[in-house]
Each structure stands twice: as structure tokens, then as C-alpha cells.
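Here is the structure we will look at, set down as C-alpha cells.
What follows is calculated from the coordinates using simple rules that are stated; it is not laboratory data. This is a predicted model, so every value here is computed, not measured. Cβ: placed from backbone, ideal geometry, glycine included. Neighbour counts: every protein chain shown.
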Amino acid sequence: MSRFSNLELEAQGQAPTPGAAPPDGEPIRDKYYFQERAVAAWQAGNFEEALLKFARSLEEDSTFFVGWLGQVRMLIELEEYPEAVVWADKALELFPDQQDLLSAKALALLAQGDVSQAQKLSDAAVAREGLTYYVWLARAEILLARKSSVAQNCIHNAIRSAGNDAPTARLEAGRVLLRAGDAGSAQAYLTEAVQALPHSALAWYELGQCQSALGFREARAAFARCLVLRPSWPKAHAAARSVPKRGLFAWLRR
């Protein structure tokens, strides 16, 4: 049985049964409450927790689009690519041809090596109007896999279209470039991301990974900041230990 089988929800569009009113001063535990906590968990790099919180938002409202998309995206973060495709298809039954879902499914397929089908889904997503930054970044990631120089234009379009989400778009752009092996281009986006999202452990972790790939000893400080924000993150501890005590430029000056 899949490790995520317990997250399956009936998508019948029925309103959730109202519960008892919470005490004064406590937040209402509605779909938005769980969405906010899912986003906070994602910014902390805690993708498993974010997945559970997005699923919990769907328990409150099974037609909540953000919950469906968030759940698919977190499955991709957790490298559960076949599961992500399954859940993207379930979501597309409720939201046919929704561009962000098509892009998320495209990324799940890309991660499994199906570049051709990923490209087709991305083509379908960008054919629509009012593209989100996520659609543009998914497009960029697919084009980077194809070694296309047009990918950089897609990243610029993502930042321009992000509006109030520009800090998150910059973080995501840096992650896309870093996954593609272009740490040099990723550095500027990730530097801007930590300035705009100073409390995001994920942003500091990705900046540290980028600086480490470039041989910069500043990576140690980035990982240290990440671990202040999320002290028990094993992956960040391992990354911090892997940073050489002397940076690339110190070695070049010998």
C-alpha cells in the first residue's frame, strides 16, 4: 500500500461539517489555516509536514484548489513522482486543463525521464492566458533539461509575473537553476530570496548549496543560519559538514 494512501479524499464538492466554534483568540482551523501552515512548513524545507497540512486543508474543503496543487507539489519535493502523477490526474478531474496542475504533472513526468510528455503538458499550460510564475518556472525546468537557451527567458517571465509572490518565485528560480547545474546563475536569485525571506530555512539551505557548489566558504554561514531556523534538519547538518574549511578562492591564492 502507498505511504500516501491515507491522504485520499473524496472530491464530491460537499461543504465540510462545521465544528464547534474555537475559543476566543484562537484561529479558526479552516482550509486557509492549514494552507498557511503548509506554506510555512515548505519554507522550512519540511515537505512531509507541508504535504500533511495541504491534505488537511482538503479535509476542510475537498474542492480547495490550492490544497490539491500543494499536495502534488509536495509529492514532487519528496521525490514521490508516480504518486504525484496520480494525484495530479485526480486533481485534473476537478479542475480540467488547469495550467498549474498541468505544469506540476509535467515536472513529475520530467523527473521520471519522460521529457517528451512533459514538454507536451507544458505546451498545453503555456497556451493559456494569465500564466502564473509556477507555469513559467516549470517551463524553464523542462527547457533546461533540453539544453535550450530559451529557459532563461521563461525565468525572467516568471519573476515579472509573480507580483507579491516575487520572493518565492526568486527562491524557486534559484532552485530550478541549481538543479540544472547552473549555480552561477542561481546565486543571484537565491541571494535575493534570503534577503526577502530571512526566516526561510529552505532559502538559506539552497543558498548554502549554491555557494558550496561554487566553492565559496560563505556556504558555512548560510547553513549555520539555516540550522538556527531549523535545528533538527539532518540534510542541512550533512550539507554543512560537507563544506570544505577552505574555499575555492583560498586554494587559488596558494
Net charge of neighbours whose Cβ lies under 13 Å from the Cβ of Phe34, counting Lys and Arg as +1 and Asp and Glu as -1 = -1
In the neighbourhood of Leu121 defined by beta carbon distances under 13 Å, the net charge of the other residues (Lys, Arg +1; Asp, Glu -1) is -2
In degrees, nearest ten, helix 151-161 long axis to first principal axis of the chain (Cα) = 60 degrees
Tabulate in residue order the Karplus-calculated ³J(HN,Hα) for the range 77-94, using 6.51 cos²θ - 1.76 cosθ + 1.60 with θ = phi - 60°, rounded to whole Hz; enter x for Gly and Pro.
-> 4, 7, 6, 9, 5, x, 4, 4, 5, 4, 6, 5, 5, 4, 5, 5, 5, 7
With only helices counted (DSSP H, runs n ≥ 4, each -39500 (n - 2.57)), the per-residue ellipticity at 222 nm for the chain, to the nearest 500, works out to -20500 deg cm²/dmol
Charged-residue dipole, Cβ positions (Lys, Arg, Asp, Glu), the chain about Cα centre, Debye nearest 20 = 1720 debye
Quick one, what does Rg over Rh come out to for the range 36-156 if you take C-alpha atoms and the Kirkwood Rh?
-> 0.97
Applying the Karplus parametrisation 6.51 cos²θ - 1.76 cosθ + 1.60 with θ = phi - 60° to the phi angles of the range 64-72, what ³J(HN,Hα) value in whole Hz is obtained for each residue in order, glycine and proline being reported as x?
-> 6, 4, 4, x, 5, 5, x, 5, 5
Once you have a ≥ b ≥ c as the square roots of the Cα gyration tensor eigenvalues for the chain, tell me rounded if a/c is under 1.5, and otherwise prolate or oblate according to whether a/b is larger than b/c.
-> oblate
Can you tell me how much longer the chain between Asn153 and Arg241 gets when fully stretched, taken as 0.36 nm per residue apart minus their C-alpha distance, in nm with one decimal?
-> 28.1 nm
Protection proxy ranking, peptides 167-176, 96-105, 214-223, 229-238, average beta carbon neighbours within 10 Å, highest first = 167-176, 96-105, 214-223, 229-238
What ratio of Cα Rg to 2.2 N^0.38 Å holds for the range 104-239?
-> 1.08
Cross-link reach from Lys245 to lysines, straight Cα distance under 19 Å and at least 8 residues apart if same chain, gives Lys235
